[in-house]
Amino acid sequence: MIIGTAGHIDHGKTALVKALTGVDADRLKEEKARGITIDLGYAYTPLPNGDVLGFVDVPGHEKFIHNMLAGATGIDFVLLVVAADDGPMPQTREHLHILDLLGLQRGVVALTKADRVSADRLEAVRADIAALLLGTGLQGSDIYPVSALTGSGIPALRERLEAEAQALQQRSAGGHFRLAVDRCFTLSGIGTVVTGTVFSGVVTVGDKLVMSPSNIPVRVRSIHAQDRPAQTGVAGQRCALNLVGPGLDKASVARGDWVLAEPLNAPVTRLDAQLRVLASEDKPLHHWTPVHIHLGATDVSGRVSVLEGEVVAPGMDALVQLVLDKPVGALHGDRFIVRDQSASRTLGGGRVLDSFPPARGRRTPSRIELLRALETDAPAEAMQAMLQASANGVDLRRFALNWNLREDEASALWAALPMRKVEEGETAIGFSPTVWETLRQRLLDTLTAEHARVPDMLGVDRERLRRMTAPMLSRSAFLALTDESLAIGNIKASGLWLHLPGHSVALLAHEEKLWAKVCPLLDAAPYQPPRVRDIANVLDVDESAMRLLLQRLARLGDVFQVAHDHFFTRGSVTALATIARQLAQDDLLEAAVFRDRIGVGRKLAIQILEFFDRVGFTRRARDRHKLRHADLFTG
């Protein structure tokens, strides 16, 4: 168990830790010279069962709240220290606010310097403390009068702490490994050592991890867990990791960095969160207020974007987006504290809901509904709600990352839920059966409306149909939707055109005769067919009439208008698509290579590739006409 002290300066936190453990947690020369705690101190004491009790001693001065916050995150149990002669003081209150905002609900109060006051004074301070704790997570906590000088009350307090450690439920070892760095130093003959609290997972000697957000790969050479040499460290322990890695030294590591498993290395500058403003604040928190955000062991400046309305009233909770000035590591459930721009006053705090929020559309009703689904602490419950709320599916890789699910944990969750999963590269999109069926019906409704609007058009190409039906749906998901609909016979495909089974278009008799003469001309030069005017001249037909015929044939899917007045037969397009697919698989699909393969000019080769883009056969980044992606599909 890790115990964190809290309380006003000079109320005896460090002396109390020494009385309980025999360790002076003030390690800096300046601290010993000035007689005050400036930075975090650490002490450990063995328990009768062989475990180790860890203490994080925090500074009580208001100027060092940022150091206090770096140590308060990740503790299991609060030791709130109040001096009997002073009673509750300003930093007692601020520390208590912070502990409450961090969601800490287990702790006791040490009423120090009890030997200096009368029994009546002790009772009065007891009453003040009990009143102060009302409405917080520590409400009703036991109060222990103690004296670090005489030792009075220390055995009873220590006995209570040992009992709490025995009763503490072991933290789950699930999820990838994360350690919040609060200290880094170099030891002669050892190298770089980082210390911090393990937020999740397990670390073992020899593990390969990442220092984030600097993205430095590291290897664990040795581990001290709870101040003892160990082969492993687990969630809930304080660990010192001796790390080695290219470019790793003391200067490359800062308080607030994370040591974590490689899959979690995804620093972000936006976080959607649930925020509560302290009831003691005089004014509401306004949209886009500049603040300091303390998360893990880091302190980063940024702004608060209020997602519902323009302000958050004192004592109220609200959904917000934290827009940060530099990248941080954060996952669902991480607690944070918000202080004002000058870092002199605590405004509120809360917990992270989504580490990968959108920059746009963050205040839409659908987005708010998704965030409400993330307010639970149960990933299965959140996923179920998100599947129902998301019309365009849930990115399963991002969900697993946001909730810190290992691959096996995520796979078990997907298997346990009714879900239509669509593979998309390295990740997958999940849909609830209800949402998937709604999309299928919307697809049919779109085709029905389009057939009524343009009855002489055979159908719609796949990419245009996606934009008409569900423009925000990923191409992979829409491909799966159409393939499924084709397989069960809800829709049919004629070339690149998709249409309802009962919909058909036919040429008139005179058009059939003219097409019989045009087709051989197009087949004679399949990759470079003659233009409309050239066909009209050869057949001695009015150019406008010829153009109308080819446009009608295009609606039927017998030809495709690749460029202005340039029509290719279905067979030609199929052959060109086969060539393009093969080149893409070999990562050679550039205009120049494609041109040489089919034996046409560069301009026409570019027009053909742009046509494939347009109809959704390829998805291409136009950079000197080079295809960067090869997610091709046939129509």
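The values are calculated or read from the model by the stated rules, or taken from the named source; none is laboratory data. Just so you know, these numbers come straight off a predicted model, no measurement behind them. Cβ coordinates were reconstructed from backbone atoms using ideal geometry, including for glycine residues, and neighbour counts include every protein chain displayed. Areas reflect the complete protein model, heavy atoms only, side chains present, ligands, DNA and RNA absent. Shrake-Rupley method; radii C 1.70, N 1.55, O 1.52, S 1.80 Å.
When all alpha carbon pairs of segment 194-299 are counted in 5 Å bins from zero, the resulting P(r) reads 2, 10, 19, 20, 16, 9, 8, 7, 5, 3, 0 %.
When peptides 467-476, 318-327 are ranked by their average number of other Cβ atoms within 10 Å per residue, the highest-first order is 318-327, 467-476.
Its relative contact order, with pairs defined as Cα atoms under 8 Å and 6+ residues apart, puts segment 320-471 at 16 percent. Largest first, the extents of the alpha carbon coordinates of segment 403-475 on the three principal axes equal 53, 23, 16 Å. Computed packing ranks the peptides 176-183, 558-565 as 176-183, 558-565, most packed first, by mean other Cβ atoms within 10 Å. In terms of packing, defined here as the mean over residues of other Cβ atoms within 10 angstrom, the peptides 220-233, 396-409, 357-370 line up highest first as 396-409, 220-233, 357-370.
Along the Cα-to-C-beta direction of VAL541, a point sits 7 Å from the Cα; which residues of segment 483-511 have their amide N less than 17 Å from that point? Under cut-off, by backbone N: 506-511.
Considering every alpha-carbon pair of segment 480-601, the percent of pairs per 5 Å bin, from zero through the bin containing the longest distance, is 2, 10, 17, 18, 17, 14, 12, 7, 2, 0. Kirkwood radius for segment 76-163, taken over all pairs of different Cα atoms as the inverse mean of 1/r, rounds to 13.1 Å.
If you sort CYS239, CYS184 by accessible surface, 1.4 Å probe, largest first, the order is CYS184, CYS239.
Pairs with C-alpha atoms separated by more than 21 Å, drawn from the list LYS13/LYS113; LYS63/LYS283; LYS13/LYS250, are LYS63/LYS283; LYS13/LYS250.
The portion of the accessible surface of segment 72-164 made up by carbon and sulfur, rounded to a whole percent, is 50 (1.4 Å probe; DNA, RNA and ligands excluded).
Value of Rg to Rh for segment 361-518, rounded to two decimals, is 1.12; Kirkwood radius and Rg both from alpha-carbon coordinates.
If R0 equals 45 Å, the separation of the Cβ atoms of GLU369 and LEU548 corresponds to a calculated FRET efficiency of about 0.35. With a cut-off of 8 Å between alpha carbons and a minimum separation of six or more residues, what is the relative contact order of the chain in percent? Over the chain, the number comes to 8 percent. Rounded to the nearest 500, the 222 nm mean residue ellipticity of the chain from helices alone is -10500 deg cm²/dmol, with -39,500 (n - 2.57) taken per DSSP H run of at least 4 residues. Stretched out straight at 0.36 nm per residue, the stretch from ARG121 to ASP613 would grow longer than its current Cα-Cα span by 169.0 nm.
Along the Cα-to-Cβ line of LEU47, 7 Å from the Cα, sits a label point; which residues in segment 156-198 have backbone N less than 18 Å from it? Within reach of a label on LEU47: 156-173, 197-198. Note on the chain: Kirkwood hydrodynamic radius from all Cα pairs is 29.2 Å, rounded to one decimal. Please compute the contact order of segment 433-551 in relative form: average sequence separation of alpha-carbon pairs under 8 Å and at least six residues apart, divided by the residue count, as a percent. Averaging sequence separation for qualifying contacts and normalising by length gives 20 percent for segment 433-551. Annotation for segment 102-156 versus segment 402-425: alpha-carbon center distance of 48 Å.
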